[in-house]
Structures are given as C-alpha cells and as structure tokens.
Amino acid sequence: MPPLEPVVFLPFITSELPGVGGQLKAEPAHFIVEELPLYEASGSGPHLYLSLTREGWTTRRVADALADLFGLSRRDVGFAGLKDRHARCTQTFSLPGLTPDAAERVAAEFPFQVNWARQHGNKLKTGHLLGNRFCITVSDLAVPPEEALSRSQAIAAAIAQRGAPNFFGAQRFGHDGANVAKGRAALLGQGPRQDPWLTKLLISAYQGHLFNRYVQLRLKAGLFGQVLVGDVCKKAETGGMFQVQDAAAEQPRYQRGEIAFTGPLFGKKMWAALDQAAELEASVLAEAGLGEAELRQARSDGARRPARLWLPEIELAIHPAGLQVSFALPKGAYATVVLREFCKSDQGFELLQEQNED
C-alpha cells in the first residue's frame, strides 16, 4: 500500500490574508450550534418532537437518557444528526407515543433547556435537517480585538467571493488520523465485519481523506474557482445533480453560488466525473494505489459531496472574550474548516477530533 498523505494539513483559500490566531471552545458557550430543520413539526401525529439545548452531553447520551426515562428502545429515539458535547447545542429529538406534557419530565430530570414540544407524523432520521447555524467565539486572540475584526472582515469578504473548501475536518479521521488506514482496509473488505456501524465509520474516514486530497489538488492547480467540462455539479436550490457539458455557460451560475462542483467519495457505484474533471479524480486514485478492480470490490457504493461552501453572509463582532463569528452551513459541513481560515492555524484544531463524539 502506498504511503498516505498526512491528514492534518489543509491549504487555506485565503492564504494571502493574515489571521487572528486564537482558541476555539475555551468553554461550551463559545461554540453555539443550532439545527436548521428540514421541516417543522406539524402539531399532530404519533411522534413527539422535543427541542433541547444542552452542554456536556453527546447526542447518543441524550437519546439513551430519553429512552430510559420513558421506557423506550434506544432505536425508537430519533435525531437528525450528531452534535459535539463540548458545545452549547440545540437539536430536536423524536419520541414515539408521547404527548407534549412529557417535556415537563425531561426538564425535571435532566440539565436541559426544553425549548418546545410538538407532535409530528414521522420519526426523525439522520439527515432530516437543512444544516446548522453556528455562533463561535474565538478567544485568546493573537492581535488586539479591533485588529482581529479588521482582518476577519477582509477574510469574510474574500470567502464571500471565492467560497470555502468543504473539507472534512480532523474529527472525521480519528486520533492522529488512525482511521484513514483502517478505513482503506475496510473499504477493500479487509476490515471489521462484526460491527456495521464501525465499518461504515472507518470507510467514510478513508473516503473523506481522498475527498480532501481531491480538493487540495484542485486548489493547487488553480481550478477551485471554476467549473470544468465533465464536473458533476449540484444545484444549491434543489439538490439536483448534473454533468457539465459547457463550462463557460455554467461558470456564471457557479460564481453566483447557484451550483457547486462535487468531489468524489469513491465507491463502486459513484457517479464519476468525465473529461478534464476525471483526470483529477484519476490522479487521486493513482496516488492511493487504487484502480477499477479495487473500486468494483469496494464495500461502499460511494457518493459525491459539494466541494465548495457558499458563504455570502458571515457576521462578525467583537466579544468580551475575543471575536465572535456567526454563519450557517449545510448538513455535513464542518464549522472548524471555516474557522481555520480566520485563525490561520491548525494548532489546537487537531485536538477537536478527541472532543467530537464521532
């Protein structure tokens, strides 16, 4: 097996602009996350939707506690995504067969803020969200607050024009990136089989590593700011996917954030790019020592992931503890990937992988 590229280093899209240094998650209130729902609870149906705000609890721990409190199976408790325990998180859980008065028991038993409780017709499942809204305070700045604000305004303006790489964060790869090599083995059928959840996690780590390498190569080649013939692009409004035939015709839509080119999450059924875009994908596979034979045997169908985050609105403010940065991201995107553009450092970011429940 060829040596893997280091997981820790990722390029910056605003490398020419100085950062502010600083620290993330000095305390949970410095990292506020709120889910953006895919749909609102209707007010009727067999499932109770319960919106909670908490600190210091993983999503799975909350789900287990709710199941135990109401005598439910853990599988009956639904949620749309995982949230970090070292943050102040607001997310919704679904509980079958309960009514809104159950919220009083939750508030009495646990250190949660109960925001609302309403009925709905279906269980919440993974992916039932548009994204997340973040309000993050960067503390221990390397420069005075006014200078940090000025620098951050320049960075935010550049990101609004260019977008930001939709890298997978360090949380994806496990401690010291150990899940990358394990994920390669799992993808090729050599990893654990007794634990399907672990197998899927490891495979996704390796797919994420190759995706990051693809985006890194595209940035290095100066091709991040444009669509290519053969790109598989995703529409921002509808989520529809299409193959680019006329790059010049699609470029204005890309510049307006209406579409984004996607990068590969390699697997046996992945929608492959063509022409010029395919050459980049092929170089990633060659570097990894993978070919068509290996992909046909892969234990994953594969998928595609938007490679650019469109962030026209980033709110900035001086906070008593440092600099406050607020923005929204689609599901699956990492806030720390955006914050590192402002901090211009990976120091400390690698430690976040130990704090994330993944």
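Please state which one of PHE224, PHE261 is of a type in the set (Phe, Trp, Tyr) and touching a Leu at 6+ places or on another chain (Cβ under 8 Å).
From the options PHE224, PHE261, the qualifying one is PHE261.
If GLY189 passes every condition in (1) of a type outside the set (D, E, K, R); (2) out of contact with any Phe, Trp or Tyr (no Cβ under 9 Å at 6 or more places or on another chain); (3) modelled with pLDDT of 95 or more but one, which one does it miss?
(3)
Could you count how many residues in segment 279-296 are within 22 Å of LEU219 (Cβ to Cβ) and not in a loop (DSSP other than H, G, I, E, B)? Walk me through it before giving the result.
The first filter runs over segment 279-296 and keeps only residues within 22 Å of LEU219 (Cβ to Cβ), leaving 279-288, 290.
If we keep only those that are not in a loop (DSSP other than H, G, I, E, B) too, we end up with 279-288.
So the answer is 10.
Specify the residue that is farthest from GLN324 (Cα to Cα); the eligible residues are those in segment 38-51 that are surrounded by 17 or more Cβ atoms within 10 Å (Cβ to Cβ) and out of contact with any helix residue (DSSP H, G or I) (no Cβ under 7 Å at 6 or more places or on another chain).
If we filter segment 38-51 for residues that are surrounded by 17 or more Cβ atoms within 10 Å (Cβ to Cβ), which is where we start, we get 41, 47-51.
When the remaining residues are screened for being out of contact with any helix residue (DSSP H, G or I) (no Cβ under 7 Å at 6 or more places or on another chain), the result is 41, 47, 49, 51.
Details: ALA41: 31, HIS47: 37, TYR49: 31, SER51: 25 Å.
Residue satisfying both the conditions and the ranking: HIS47.
Does ALA41 satisfy being in contact (Cβ under 8 Å) with a residue 12 or more places away in the chain, farther than 25 Å from GLY163 by Cα and touching a His at 6+ places or on another chain (Cβ under 6 Å)? Reasoning before the result, please.
Working: in contact (Cβ under 8 Å) with a residue 12 or more places away in the chain: yes; farther than 25 Å from GLY163 by Cα: yes; touching a His at 6+ places or on another chain (Cβ under 6 Å): yes.
For ALA41, the condition - in contact (Cβ under 8 Å) with a residue 12 or more places away in the chain, farther than 25 Å from GLY163 by Cα and touching a His at 6+ places or on another chain (Cβ under 6 Å) - is met.
Against the conditions (1) surrounded by fewer than 17 Cβ atoms within 10 Å (Cβ to Cβ); (2) over 27 Å from ALA277 (Cα atoms), where does ASN179 fall short? Just the number, please.
Every listed condition holds for ASN179 apart from (1).
Within segment 52-73, which residues are touching a strand residue (DSSP E or B) at 6+ places or on another chain (Cβ under 7 Å) and surrounded by 16 or more Cβ atoms within 10 Å (Cβ to Cβ)? Break it down stepwise before answering.
Restricting attention to segment 52-73, the residues satisfying the condition of being touching a strand residue (DSSP E or B) at 6+ places or on another chain (Cβ under 7 Å) are 52-55, 59, 62-63, 66, 70, 72.
Listed by number, the residues that qualify are LEU52, ARG54, GLU55, THR59, VAL62, ALA63, LEU66, PHE70, LEU72.
Can you list the helices (runs of 4 or more DSSP H) found entirely within segment 164-278 that contain at least 3 residues being closer than 20 Å to GLY131 by Cβ and not hydroxyl-bearing (Ser, Thr, Tyr)?
Numbers: elements: 178-187, 196-220, 247-255.
Output list reads 196-220.
Here's the yes/no breakdown for (1) under 23 Å from LYS25 (Cβ atoms); (2) modelled with pLDDT under 95; (3) out of contact with any Phe, Trp or Tyr (no Cβ under 7 Å at 6 or more places or on another chain); (4) crowded, with 17+ Cβ neighbours inside 10 Å:
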site: PRO111; (1), (2), (3), (4): yes, no, yes, no
site: ASN115; (1), (2), (3), (4): yes, no, yes, no
site: HIS120; (1), (2), (3), (4): no, no, no, yes
site: THR126; (1), (2), (3), (4): no, yes, yes, no
site: ARG133; (1), (2), (3), (4): yes, no, yes, no
site: THR137; (1), (2), (3), (4): yes, no, yes, yes
site: PRO144; (1), (2), (3), (4): yes, no, yes, no
site: SER152; (1), (2), (3), (4): yes, no, no, yes
site: ALA156; (1), (2), (3), (4): yes, no, yes, yes
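Kindly indicate whether any position in segment 166-175 is small (Gly, Ala, Ser), within 19 Å of the chain's Cα centre (by Cα) and surrounded by fewer than 22 Cβ atoms within 10 Å (Cβ to Cβ). Steps first, answer last, please.
In the first step, residues of segment 166-175 are kept if they are small (Gly, Ala, Ser); the result is 169-170, 174.
Okay, now just the ones that are also within 19 Å of the chain's Cα centre (by Cα), so 169-170, 174.
Narrowing the set further to residues that are surrounded by fewer than 22 Cβ atoms within 10 Å (Cβ to Cβ) leaves 174.
The answer is yes; a qualifying residue exists.
The values are calculated or read from the model by the stated rules, or taken from the named source; none is laboratory data. Treat the numbers as computed from the prediction; the structure is a model and nothing was measured. We place every Cβ from the backbone using ideal geometry, glycine too, and count neighbours over all the protein chains shown.
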